[in-house]
Amino acid sequence: MNDNSENYPEGSNASKVGRVILQIAGGAVPFAGGLLSAAAGTWSEKEQERVNHFFKEWLKMLEDEIKEKEQTILEIMGRLDMHDEKIADRIESKEYQSLLKKTFREWAGAESEDKRAYIRNILSNAAATDITSDDVVRLFIDWIKNYSELHFHVIGAIYNNNGITRGEIWSKLGKPVVREDSADADLYKLLFRDLSTGGVIRQHKETDYYGNFVPKTPSRRPSGSGPKPITSAFDNEESYELTELGKQFVHYAMTDLPLKIEYNPENENEPKMDS
């Protein structure tokens, strides 16, 4: 790993904090050389070539992962006002360092640019605001790891259209019509179970003045009408909304803080501050 810590913009707080974060995000592979040395007398030349090729590809993957993390760190630092002592103290705190360690320990490279942006936004907002507790932020980091992009697209659709149905969400996402017994339908139902049991979304519930949920009046089917129809994966009756946890997740993961500083690590000139 190249030491890019020297490329951080100098300042009373940014340089010191940047180096600390890089130490957390970085890693090493101390056993690789020893393994190759121990195996040199056992493997044939052809086997050694194959293993060398494997390790080259593996180390290239690790290098790309570290570069991705370094880019994320630079983007976080570029969104924080390091002249704000409260933010600087927060970044240096044990609590925030714990969030960083959890993120970079469990994040083996983002599956997509969207997920990487969510990680960046969560860590940026967790440093700049204290709307929610660090325990909740840890949960948000777990959601990034456990949920797919389709999960997040559904979350976004519900956030932008409170009370939307599953059928309306499917159409809003531009998905084609599929059979009820298809794998896509099964996946879609599983996705809603994931988000419901995970505390991200719920079916719409009425509340009273004090915020207590009002029990729904049960609907009675006419006598002799036969068994209750199976609910479609693309049901257009029940509406969905985000829980308070879900709303906070949107605020932390899907809200991008504006850049406070524009910086390119390849450029040795002074960073350009936003006006």
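The values are calculated or read from the model by the stated rules, or taken from the named source; none is laboratory data. Everything numeric in this text was worked out from a predicted model, so none of it was measured. When we count neighbours, we look across all protein chains shown, and the Cβ atoms used for this are built from the backbone with ideal geometry, even at glycine. We work out accessible area using only protein heavy atoms, side chains counted, and drop any ligands, DNA or RNA first. Shrake-Rupley method; radii C 1.70, N 1.55, O 1.52, S 1.80 Å.
Quick one: in segment 91-135, which of the residues that are aliphatic (A, V, I, L, M) and open to solvent by 30 Å² or more (accessible area, probe 1.4 Å) is nearest to E68 (Cα to Cα)?
Checked segment 91-135; the qualifying residue nearest to E68 (Cα to Cα) is A108.
Only residues that are of a type outside the set (A, V, I, L, M) and either in contact with a Gly (Cβ under 8 Å, 6 or more places away or on another chain) or assigned to a helix (DSSP H, G or I) (or both): list them for segment 125-146, please.
Once the filter is applied, which keeps residues that are of a type outside the set (A, V, I, L, M) and either in contact with a Gly (Cβ under 8 Å, 6 or more places away or on another chain) or assigned to a helix (DSSP H, G or I) (or both), segment 125-146 yields N125, D134, D135, R138, F140, D142, W143, K145, N146.
Which condition does G33 not pass, out of (1) under 27 Å from F104 (Cα atoms); (2) at pLDDT 65 or above, if it passes all the others?
All conditions are met except number (2).
Mind checking whether some residue in segment 147-156 is touching a strand residue (DSSP E or B) at 6+ places or on another chain (Cβ under 9 Å), closer than 30 Å to A233 by Cα and of a type in the set (A, V, I, L, M, F, W, C)?
yes
Does segment 227-239 contain at least one residue that is modelled with pLDDT of 60 or more, part of a loop (DSSP other than H, G, I, E, B), within 22 Å of T72 (Cβ to Cβ) and among the basic types (K, R)?
Looking through segment 227-239, none of the residues is modelled with pLDDT of 60 or more, part of a loop (DSSP other than H, G, I, E, B), within 22 Å of T72 (Cβ to Cβ) and among the basic types (K, R).
Filter segment 142-161 for residues that are farther than 17 Å from T197 by Cα and in contact (Cβ under 8 Å) with a residue 24 or more places away in the chain; which is most open to solvent (accessible area, probe 1.4 Å)?
It comes out as Y159.
In segment 70-112, how many are part of a loop (DSSP other than H, G, I, E, B), at negative phi, within 16 Å of the chain's Cα centre (by Cα) and not aromatic (F, W, Y)?
Of the residues in that region, 4 qualify.
If we scan segment 162-176, do we find a residue that is under 13 Å from the mean Cα position of the chain (by Cα), in a helix (DSSP H, G or I) and crowded, with 20+ Cβ neighbours inside 10 Å?
Checked against the condition, which is being under 13 Å from the mean Cα position of the chain (by Cα), in a helix (DSSP H, G or I) and crowded, with 20+ Cβ neighbours inside 10 Å, segment 162-176 yields no hits at all.
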